[in-house]
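Accompanying notes for the structure given below.
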Amino acid sequence: RYFSAWFCPFAHRATLALEHHRQAVPYEWEESLGWEQRAPTGDEDFEATERSDWWYHWKSPALLAANPKGMVPTLLDPATNRAVTESIVCIQFIDELAAANGSTAPPLLPTDPFERAAARVAAEQVNKSVTSGYYQALVRTDAAERADGFAKVLDGLRAFTRESRG
């Protein structure tokens, strides 16, 4: 079982790993975070007149049962109720589980330790230069803000490509 959120770039990383190893690591996606608009409850820490809209963040009860921190991605083995959390750890777990399950897909990281270390450095650079813009492009409602986020994604990917080529 895979607890995720459409707007979370960190969860998207785990989704890519799951899709890569889909044959060996089947999963069921559960949308687990979101926002909903509703009237004020009266329990807010400020006057209702101070706001023109009321948006509330929600986390699914199943996610909170599997991961009390309520963070995505979270992978849950329903047979044992054991969970794996944190995006990078989930990716590594998926890759290891796929290998243990006899996956024919190539591993996500090279087998050579030096090449694997270089791939991790490259992944960290992409994380630093792309993730914020990606999130901005996904969730902002203003067209100019979304375009700015997309431009940041492209800039980060171009830098990654230049550095990858040497």
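The values are calculated or read from the model by the stated rules, or taken from the named source; none is laboratory data. Note that the structure is a prediction, hence the values are computed from the model and not measured. Positions of Cβ are backbone-derived with ideal geometry, glycine not excepted, and every protein chain shown enters the neighbour counts. With ligands, DNA and RNA removed, areas are computed over all heavy atoms of the protein, side chains included. Shrake-Rupley method; radii C 1.70, N 1.55, O 1.52, S 1.80 Å.
Data overview
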| read-out | value |
| --- | --- |
| Residue in the stretch 104-127 that is nearest to residue 164 (Cα to Cα), counting only those that are in a helix (DSSP H, G or I), of a type outside the set (Val, Ile, Thr) and under 21 Å from the mean Cα position of the chain (by Cα) | 122 |
| Every residue from the stretch 111-166 that is in contact with a Phe, Trp or Tyr (Cβ under 6 Å, 6 or more places away or on another chain) and farther than 23 Å from residue 92 by Cβ | 137, 138, 139, 153 |
| Single residue of the stretch 128-147 satisfying the filter (of a type outside the set (Gly, Ala, Ser) and open to solvent by 70 Å² or more (accessible area, probe 1.4 Å)) that is farthest from the chain's Cα centre (by Cα) | 142 |
| Residue list for the stretch 86-103, filter: over 19 Å from the mean Cα position of the chain (by Cα) and among the aromatic types (Phe, Trp, Tyr) | none |
| Matching strands (runs of 3 or more DSSP E) fully within the stretch 1-103 where at least 2 residues are crowded, with 17+ Cβ neighbours inside 10 Å | 2-4, 74-77, 82-85 |
| Test: residue in the stretch 154-165 that is of a type in the set (D, E, K, R), modelled with pLDDT of 90 or more and either more than 21 Å from the chain's Cα centre (by Cα) or open to solvent by 80 Å² or more (accessible area, probe 1.4 Å) (or both) | yes |
| Meets criteria (over 16 Å from residue 9 (Cβ atoms) and among the hydroxyl-bearing types (Ser, Thr, Tyr)) for residue 141 | yes |
